[in-house]
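Presented below is the structure to which this report refers.
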Amino acid sequence: MCRFKLPDNSIPKEAAYQIINDELMLDGNPRLNLASFVTTWMEPECDKLMMAAINKNYVDMDEYPVTTELQNRCVNIIAHLFNAPLEDSEAAVGVGTVGSSEAIMLAGLAFKRKWQNKRKAEGKPYDKPNIVTGANVQVCWEKFARYFEVELKEVKLRDGYYVMDPEKAVEMVDENTICVAAILGSTLNGEFEDVKLLNDLLVEKNKQTGWDTPIHVDAASGGFIAPFLYPELEWDFRLPLVKSINVSGHKYGLVYAGIGWVVWRSKEDLPEELIFHINYLGADQPTFTLNFSKGSSQVIAQYYQLIRLGFEGYRNVMENCQENAMVLKEGLEKTGRFNIISKDNGVPLVAFSLKDNSCHDEFEVAEMLRRFGWIVPAYTMPPDAQHVTVLRVVVREDFSRTLAERLVIDITKVLHELDMLPAKLSAKISVKEKTQNGTILKKSVMETQREITDAWKKFVMAKKTNGVC
């Protein structure tokens, strides 16, 4: 069967189903994918609602007015959750997106256009906009900068400090800065950046310079965590310079992949010329998105979660995730083999690195954990902390205490097995060994590979029992 060309003939539906189903069996188990922040479980009642709406195109607002109303309710609920300064009858300004990447693009475009309009009115150049972020930002910020021709000025990281330093960020701000982006929940270690300090420092700089540089908060991971676990933390619209916030509904908003949100402080923060009005679907419809058609299921699922869980339910889920993260952290600490990189306060995840990776590194640990079904990512930190390698486990709603304890057991097994193996050596580097008389000999690449192969053979043979492998 040709896999890359359209077949000449049809096949029975049962055969098509079986072919695809058989291949999909080789995918990993989503619930054991500890690399992802994205929700992998929802209640059956919500699944039914999503399947019932799978054939609805959200953009047909005139045909599906109730779905449009549900999106508007979600926007307003989230805006109030983020303390937007709204009057009792005032509608929030925001939109649903396919994820935080699109939300960030829209927010960035709003900042760029508003900055350009001001510069034009002042008769100043408007061709060199920049944005200040930490080097720990998600790749979507780099995409925004490249796609929409905005210079990305990154605050470098350093040992022990893996988020943006607010003081250094404000130092990098100039008259061409369209905004400073703060991260509420770093992808690397889950840590919340100090948005309050950034706001205070930027207020002072704006007073001194006459600029009005604003802040965008990328709360993709932390936006549905901070209001429930850290309600006193000031990071949202309570801070005057925060003009827009994005959040991923498909992360800790507890919806399957495909939904994000961006909300603005007020109508003045979203330039009107960025909003398009169409009428060829039956009525005048305002739209501010990068794509057009998209499914309605995720919007409906988000509204289900918001009214199903309420404040109490979300708080219970987040507290449970945090408790399970602590169970995992304590289990890893008891092994005595890891340094914990993540903080207790922040996104419920555990980022950790080997205390001694001279013989075996974090990438080997991640690779061997796949034998047990676990998908745990290993990665290097961004500049200037790229010499630090980290493993990260994201604790989601469906990651139970039992699974946390099981993961620690399996990690301990992996460490024991690695201790029995020779150090992993690159085929590009020869191994140096001292002889008794002090001279240095170099083993060939072939000799090194043979040693490693022999060691693996002995290890595998030792695992065989009763002639069955």
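Numbers below:
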read-out: Residue-span extension gain [Gln386 to Ile275] - 0.36 nm each, minus C-alpha spacing; value: 35.9 nm
read-out: Cut-off 20 Å, label 7 Å out along Cα→Cβ of Thr412, residues of the stretch 310-343 by amide N; value: 324-340
read-out: Charge sum, other residues only, whose C-beta stays under 10 Å from Phe111's C-beta, Lys/Arg counted +1 and Asp/Glu -1; value: +3
read-out: Share of carbon and sulfur in the accessible heavy-atom surface of the stretch 15-66 [1.4 Å probe, %]; value: 61 percent
read-out: Packing-based order for 413-421, 196-204, using average beta carbon neighbours within 10 Å, highest first; value: 196-204, 413-421
read-out: Per-peptide average of other Cβ atoms within 10 Å, ordering 90-100, 240-250, 123-133 highest first; value: 240-250, 90-100, 123-133
read-out: Theoretical FRET efficiency, 1/(1+(r/R0)^6), r = Cβ-Cβ of Leu421 and Ala257, R0 35 Å, to 0.05; value: 0.40
read-out: Highest to lowest packing among 41-48, 157-164, 59-66, scored as the average C-beta count within 10 Å; value: 157-164, 59-66, 41-48
read-out: Of Ala84, Ala16, Phe192, farthest towards positive along the dipole that unit charges on Lys, Arg, Asp, Glu beta carbons give the chain; value: Ala16
read-out: Cα lying deepest toward the dipole's positive end in the chain, options Val98, Leu49, Gln71, charges on Cβ; value: Val98
read-out: Options (i) 46, 27, 22; (ii) 36, 33, 23; (iii) 43, 31, 22 - which one matches semi-axes √(5λ) of the Cα gyration tensor in Å as calculated here; value: (iii)
read-out: Of the DSSP H helices in the chain, those whose Cα atoms cover at least 30 Å axially and whose Kyte score averages -1.0 or more; value: 100-122, 297-335
read-out: Net charge dipole size for the stretch 194-301 [Lys, Arg +1 and Asp, Glu -1 on Cβ; Debye, nearest 20]; value: 240 debye
read-out: Label point distance in nm, Arg371-Arg146, each placed 7 Å from Cα along Cα→Cβ; value: 3.7 nm
read-out: Relative contact order of the chain, defined on C-alpha pairs under 8 angstrom at six or more residues apart (%); value: 19 percent
read-out: Signed unit charges on C-beta, dipole axis of the stretch 132-256, positive-most listed residue Met164, Gly253, Thr133; value: Gly253
read-out: Value at 222 nm in deg cm²/dmol, rounded to 500, when DSSP H runs of n ≥ 4 in the chain each add -39,500 (n - 2.57); value: -12500 deg cm²/dmol
read-out: Solvent-accessible heavy-atom area per residue, rounded to whole Å², over the chain at 1.4 Å; value: 52 Å²
read-out: Entries of Lys205/Lys355; Lys156/Lys294; Lys153/Lys334; Lys143/Lys424; Lys114/Lys168 with Cα pairs more than 32 Å apart; value: Lys205/Lys355; Lys156/Lys294; Lys153/Lys334; Lys143/Lys424
read-out: Dipole in debye (nearest 20) - the chain, about Cα centre, beta carbon charges: Lys, Arg +1; Asp, Glu -1; value: 1720 debye
read-out: Protein accessible area in the stretch 180-260, 1.4 Å probe - carbon and sulfur %; value: 54 percent
read-out: Virtual spin-label span in nm between Lys168 and Ala52, 7 Å along Cα→Cβ; value: 5.2 nm
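The values are calculated or read from the model by the stated rules, or taken from the named source; none is laboratory data. This structure is a prediction, so every number in the text was calculated from the model and none was measured. Note: ideal-geometry Cβ built from the backbone for every residue, glycine included; neighbour counts use all protein chains shown. Just so you know, the surface numbers come from the protein's heavy atoms only, side chains and all, with ligands and any DNA or RNA stripped out. Shrake-Rupley method; radii C 1.70, N 1.55, O 1.52, S 1.80 Å.
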